[in-house]
Amino acid sequence: MTRDDAEAVMWFRKAADQGDAVAEFLLGYQYANGIGVPLDYGEAMIWFRKAAEQGHRVAKLYLGVMYAEGRGVPQDYVRAHMWFSLSAAQGEQRAVKTLEMAERRMTPAQINEAQRLARDWKPDAQPTPR
């Protein structure tokens with residue numbers, strides 16, 4: 001960890017604590033990669049979710065990745081698909097590709113459930129980790 005990384009985290013946290021979605025996403029990224037802070041997937045999930053609640057499309061993509069890979073939460077392709085769908089609906093092209101990869105690992109029933117969750121998702125009523 002460099003001093004610059006630690007300082008960046010400090011500034012991201014100040015902005016995130018004031019509800020800045022970009023800073024929340026960046027703080028999540030720092031935790032997910034152990035940059036300027038200890039690697040902590042659980043903490044990364046918290047910050048990605050806060051940013052996603054504010055509509056940050058890349059945070060939604062990263063939540064999908066965390067669920068698909070089981071980082072900070074049990075592996076769950078239904079939840080991954082849901083987050084990829086929400087991100088893709090906002091135009092995030094990387095989410096389209098990851099959505100297709102997730103579907104190759106899912107049953108039709110799981111895909112239907114994920115699509116229902118994405119349709120029903122509201123920032124104040126997001127799914128909780130299973």
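The values are calculated or read from the model by the stated rules, or taken from the named source; none is laboratory data. Values in this document were obtained by computation on a predicted structure and should not be read as measured data. We place every Cβ from the backbone using ideal geometry, glycine too, and count neighbours over all the protein chains shown.
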* Structure fact -> Here the qualifying pairs (Cβ atoms under 7 Å; residues six or more apart or on different chains; first in region 103-130 and among the hydrophobic types (A, V, I, L, M, F, W, C); second modelled with pLDDT under 95) come out as Leu117/Pro127
* **Filtered residues of region 17-26 (kept if surrounded by fewer than 17 Cβ atoms within 10 Å (Cβ to Cβ) and assigned to a helix (DSSP H, G or I))** => Asp17, Val22
* **Within region 73-110, considering residues that are more than 23 Å from Lys122 (Cβ to Cβ) and of a type in the set (Asp, Glu), the one surrounded by the most Cβ atoms within 10 Å (Cβ to Cβ)** => Glu103
* Could you count how many residues in region 85-98 are touching a residue at least 24 places away in the same chain (Cβ under 8 Å) and part of a helix (DSSP H, G or I)? -> 7
* **Check on Val58, crowded, with 18+ Cβ neighbours inside 10 Å and under 16 Å from the mean Cα position of the chain (by Cα)** => yes
* Residue list for region 65-84, restricted to those being over 11 Å from the mean Cα position of the chain (by Cα), part of a helix (DSSP H, G or I) and over 13 Å from Met45 (Cα atoms) -> Tyr77, Val78, His81
* Asked: When you go through Trp47, Trp121 one by one, which is the residue that is of a type outside the set (Ser, Thr, Tyr) and buried (at least 21 other Cβ atoms within 10 Å of the Cβ)?
  -> Trp47
* Asked: Among the residues of region 27-47, is any in a helix (DSSP H, G or I), in contact with a Leu (Cβ under 8 Å, 6 or more places away or on another chain) and within 21 Å of Trp121 (Cα to Cα)?
  -> yes
